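Reviewing the structure listed below.
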Amino acid sequence: MRNKIIAGAMAVFALFTAAPHSAAADIPLLTWERGKEQNIVLGGYTDQASWKIRLVNSANNALDLASSTPNKDGYVVYSIILPNDLPTGAYRIETLSKKGETNVVAGIQIIELAYFDILRVPIQLLILVSVLIFVLSTLSTLRIRRYEEMSYLQAKTEVSLSPAIASFYRLRRNAVSGVQRSLFKHVIKKEGELFHKISPALWSLFPIATFIFGAYIGIAAGSTLGIPNIPIFLFLIAAMIGIFDPYSGFTAATGFSILQTMQGNISTVRSVGALMAIALAWIAPGLLASIYREMLTKENLPIRLHKYLPLIISALVAGAVFYSSELLLVSLLDRIGPLVNTRIDLPIVVGITFLLKEQIQIMVERHSLLTPSNLEVKTIRLTRIISPRALIVLALFFAGVSYIWTESIWFAGLGSLFFVFPLLLLQVRFASPKIASLARIPRNILIESTLVTALSAGIFIYIQSSPFDAIQKGKLILLG
């Protein structure tokens, strides 16, 4: 009984001694991950518009938060993108009035990045969406007649190979022939000609070697961490292989997928989406850069620019597509691994690899012209940009990515529709404009794509100033 009385007296004493500090107990305590956009909402004060909101550490070093426009109720969303190298630990949110008065409104615990949520990293979300819009607007431009023909030097198919190598030769030829007719099928065949001109045996066996290499990457990633643990050097080498031969990049992705599936790492929507993102990183840079190089050479450019500008733009496209694919991959993972999305050196290496491949292509073709009997001019007419089967796969992919990002089935369907609609228009056959006034306006693949992308960037800037949190703004950017 005496113990109970003593315990009760101590509780009453603690209650009274804590009373002077009750104001501090009203301050919310928040946990923020660095590397993401973080938000805090304040409102209900007439002079709030004149305040400055700051994130302050124990040494009184401050970072300012950007304010949005007020909503209809007068509330303002203050935002800050925490740097990746911001020291972890205890911080506080302070308000600073015009008179210099400060007030602590929240306590913040900064922790390391747990996983990459791209909706909370607006700059990189803008890069990813802008590259996608640039590519889609370019593909829609390719429907006009100026771009519907592609010509290139092709090594003659009559080659003499040993029976063992000849079987692999037929395997690759039949595999590509089985792809549905589209622009990308023709580009895969065209880009594979570099190795074919060097050696038909190399052309036949290289996809087998890259399949084994992709399987090795799957083993190196391990069975515990899987995709997030891919060694960055091997990831880059596979992308460089795809620059030289997109089909070999595809076989590397196939080998990797099989090994990861055998280890039990591919069992969720996230993991399937990550596999497709890896395939994009190893295939798409070379394919899309080659398309830009081919089409830009058909533009009416000054003589000095005609030699270098298509190559430079194409190399930039290769690097940008690789970087976007890497961002997409990291956004689909549920944990952090060696793949670091903020490294700019990897896309630069990919762009330089494309320039190197183009120089090798020129030298090989010059050497091949010494024996013109072994070459023939291949001309193809593009009547379809993308096949219906690929369109269905991309629609499902966009839906899956949207669902992972937003965790909303409704938004997944809506996001997929927004991204797939331009691809549906690509099913329309090439035709000249029916409006006479439009027919007189010269079209330019680079200018049109740049204008559309700049418009999307303007929408992004407007959305960033709106009174919404990071997730809401990210969803609006996707739909915008």
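The values are calculated or read from the model by the stated rules, or taken from the named source; none is laboratory data. Small disclaimer: the values here were computed from a predicted structure and weren't measured. FYI the Cβ positions are ideal-geometry reconstructions off the backbone, even for glycines, and counts take in every protein chain you see.
Inspection of the stretch 136-146 finds no residue satisfying the criterion of being at pLDDT below 85 and outside the structural domain of V452 (by TED's automatic domain parsing).
Could we say that G249 is crowded, with 22+ Cβ neighbours inside 10 Å, within 22 Å of the chain's Cα centre (by Cα) and within 19 Å of R170 (Cα to Cα) here? So G249 passes the test. Report, by residue number, each residue of the stretch 180-224 that is polar (S, T, N, Q), surrounded by fewer than 17 Cβ atoms within 10 Å (Cβ to Cβ) and in contact with a Ser or Thr (Cβ under 7 Å, 6 or more places away or on another chain). The one that is polar (S, T, N, Q), surrounded by fewer than 17 Cβ atoms within 10 Å (Cβ to Cβ) and in contact with a Ser or Thr (Cβ under 7 Å, 6 or more places away or on another chain): Q180. If you go through the stretch 303-317 and pick out every residue that is touching a residue at least 60 places away in the same chain (Cβ under 8 Å) and surrounded by fewer than 12 Cβ atoms within 10 Å (Cβ to Cβ), you end up with 0. In the stretch 149-190, the residue that is nearest to L426 (Cα to Cα) out of those that are among the charged types (D, E, K, R) and modelled with pLDDT of 80 or more is K185. The lone criterion from (1) surrounded by fewer than 17 Cβ atoms within 10 Å (Cβ to Cβ); (2) small (G, A, S); (3) farther than 20 Å from L29 by Cα left unmet by A59 is number (3). Of the residues making up the stretch 55-93, those that are farther than 19 Å from R120 by Cα, of a type in the set (D, E, K, R) and at pLDDT below 90 are K72, D73. For the stretch 384-428, the tally of residues that are of a type in the set (S, T, N, Q) and surrounded by 14 or more Cβ atoms within 10 Å (Cβ to Cβ) stands at 4.
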